[in-house]
Amino acid sequence: MLKKLLVVDDSSLIHQMYRLVMSRYNCSIVDAMNGQEALDILAQHKDVDLILLDINMPVMNGLQFLEKASAMGIVSRIPVIVISTEGKEEDTIRGLKLGARGYLKKPFHPSGLHDLIDKIFNN
């Protein structure tokens with residue numbers, strides 16, 4: 001099951017919220033504030049089980065991260081869930097085409113995220 005989670009979002013408040021929402025899984029959480037920081041963390045932490053990814057971030061946004069992570073084979077071994085306020089359908093489609101396993105729009109209900117995670121890890 002889920003042991004280590006990488007949260008990629010430029011809001012420290014969102015990172016705190018994920019700690020609360022994800023406490024059900026009793027997993028450790030690693031924080032990144034943008035896509036580049038996430039790539040750097042993934043180079044050091046080979047044991048990440050899941051990535052929760054925002055789209056709209058400075059330095060490297062979520063879609064740019066997905067492009068690079070996909071090309072590096074990261075997305076094929078670590079499931080990615082895009083969770084973003086960006087509601088543009090083309091961004092959702094692009095994220096899924098780049099390998100994201102699911103998409104939630106902020107604000108979301110914790111049970112929606114839990115259901116998606118359970119679906120990913122029970123398949």
Here the residues within the range 8-23 that are in a helix (DSSP H, G or I) and in contact with a Leu (Cβ under 7 Å, 6 or more places away or on another chain) are 18, 21, 22
Could you go through the range 94-112 and let me know if any residue there is touching a Leu at 6+ places or on another chain (Cβ under 7 Å), in a helix (DSSP H, G or I), free of Cβ contacts under 8 Å to residues at least 12 places away in the same chain and not hydroxyl-bearing (Ser, Thr, Tyr). yes
Would a scan of the range 20-27 turn up a residue that is within 11 Å of residue 6 (Cβ to Cβ) and either modelled with pLDDT under 95 or more than 15 Å from the chain's Cα centre (by Cα) (or both)? yes
Could you go through the range 51-61 and let me know if any residue there is out of contact with any strand residue (DSSP E or B) (no Cβ under 8 Å at 6 or more places or on another chain), under 16 Å from residue 3 (Cβ atoms) and not aromatic (Phe, Trp, Tyr). no
Quickly run through the range 38-70 and pick out the residues that are assigned to a helix (DSSP H, G or I) and farther than 17 Å from residue 82 by Cβ. 40, 41, 43, 44
Quickly run through the range 55-101 and pick out the residues that are basic (Lys, Arg) and more than 19 Å from residue 18 (Cβ to Cβ). 68, 77, 88, 94, 97
Single unsatisfied condition, residue 31 versus (1) assigned to a helix (DSSP H, G or I); (2) more than 15 Å from residue 81 (Cβ to Cβ): (1)
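The values are calculated or read from the model by the stated rules, or taken from the named source; none is laboratory data. If you're wondering where the values come from, they're calculated on a predicted model, not measured in any experiment. Note that each Cβ is placed from the backbone with ideal geometry, even for glycine, and that neighbours are counted across all protein chains shown.
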